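Structure first, commentary second.
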There are 2 protein chains.
Amino acid sequence: MKAEYVNPFLNGTVNVLKTMAFIEPKPGKPFLKRDRMAIGDISGVIGLTGSTQGAVVVSFSKAAALRVISSMMGETFADLTDEVRDAVGEITNMISGDARRSLAELGANFEAGIPTVVVGKGHEITSMSKGPCLAIPFKIDAEDLTVEVSFEQ
Amino acid sequence: MKAEYVNPFLNGTVNVLKTMAFIEPKPGKPFLKRDRMAIGDISGVIGLTGSTQGAVVVSFSKAAALRVISSMMGETFADLTDEVRDAVGEITNMISGDARRSLAELGANFEAGIPTVVVGKGHEITSMSKGPCLAIPFKIDAEDLTVEVSFEQ
């Protein structure tokens, strides 16, 4: 996990939420962790292949997801409906796409698998990479959003 | 989603569980579904890229996971510990690897991302593919294991 891989995901998340949902999430300090575990109520997961293998997990609290997706769709959602799930998958795809474009400028080329969306109160997601996992916490007002990235090397 | 993609995943699951855990899961009838939702207590997720994009989800009930991993490790596990999570990630990786070798013989070449493992009672996983999702249900005695596969085309 190279340090220069942080900004593509940090900026990608800010860019996508600003452009798509008119929301500017406040990034906290990114950190490397060994227990590799995101906790959320709804998460998008996407696998990466290419320069090395990787995975990206975008985990929202229920409140953060409803806030972002309601703003993105211009319609108030009160529950994690199919439409909200699809939109979380789409946002995950776009964050991964934005980050992959920036990574390509650094000479690291990745392809992405199909996003999957996990729903379940307080679920935990662990990446099976051999290296540490990079966690980037964001706040949307008081709500939590975490982007976690792991690469095999 | 081509019909000939069913057997690589069905046989891959049986092969891996037989070889690694000395358990022979009984496959039920595979089916295509539109709602694309696996339900489980612990799931391995892996993204595929190559001939097309895809995702594989291997979802266990807690009882099925404990049964399989205890048998694989030769040690009784009563909870979804880190060791059990790692082993579920490893099994997901091996099922995907076994299936990818069979798919390559059919001329379809895929690379796999890093597996992620989701833990959360009764969590739901939806794949964001545009096409239908293939679900292969298995029974391990009375316990449930489901392998779901989706491809973009």
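The values are calculated or read from the model by the stated rules, or taken from the named source; none is laboratory data. Please read all numbers here as calculations on a predicted model, not as lab measurements. Cβ: placed from backbone, ideal geometry, glycine included. Neighbour counts: every protein chain shown. Heavy atoms of the whole protein, side chains included, go into the accessibility calculation; ligands, DNA and RNA do not. Shrake-Rupley method; radii C 1.70, N 1.55, O 1.52, S 1.80 Å.
Of the strands (runs of 3 or more DSSP E) lying entirely inside the stretch B:50-153, those containing at least 3 residues that are within 14 Å of another protein chain (Cβ to nearest Cβ) and touching a Gly at 6+ places or on another chain (Cβ under 6 Å) span B:54-60, B:116-127. The residue list B:ALA99, B:ALA65, B:ALA104 contains one member that is crowded, with 22+ Cβ neighbours inside 10 Å and either farther than 27 Å from A:ALA38 by Cα or aromatic (Phe, Trp, Tyr) (or both), which is B:ALA99. Restricting attention to the stretch B:116-136, the residues being open to solvent by less than 40 Å² (accessible area, probe 1.4 Å) and farther than 21 Å from A:LYS121 by Cα number 7. Checked against (1) closer than 20 Å to A:THR116 by Cβ; (2) open to solvent by 50 Å² or more (accessible area, probe 1.4 Å), B:GLU83 passes all but a single condition, namely (1). Looking only at residues of the stretch B:16-49 that are within 11 Å of another protein chain (Cβ to nearest Cβ) and β-branched (Val, Ile, Thr), we find that the one that is most open to solvent (accessible area, probe 1.4 Å) is B:ILE39. I'd like to check something: does the stretch A:102-114 contain any residue that is more than 14 Å from A:VAL147 (Cα to Cα), of a type in the set (Val, Ile, Thr) and in contact with a helix residue (DSSP H, G or I) (Cβ under 9 Å, 6 or more places away or on another chain)? Looking for residues that are more than 14 Å from A:VAL147 (Cα to Cα), of a type in the set (Val, Ile, Thr) and in contact with a helix residue (DSSP H, G or I) (Cβ under 9 Å, 6 or more places away or on another chain), one finds at least one in the stretch A:102-114, hence yes. Is it the case that B:VAL14 is hydrophobic (A, V, I, L, M, F, W, C) and part of a helix (DSSP H, G or I)? Spelling it out, B:VAL14 is indeed hydrophobic (A, V, I, L, M, F, W, C) and part of a helix (DSSP H, G or I).
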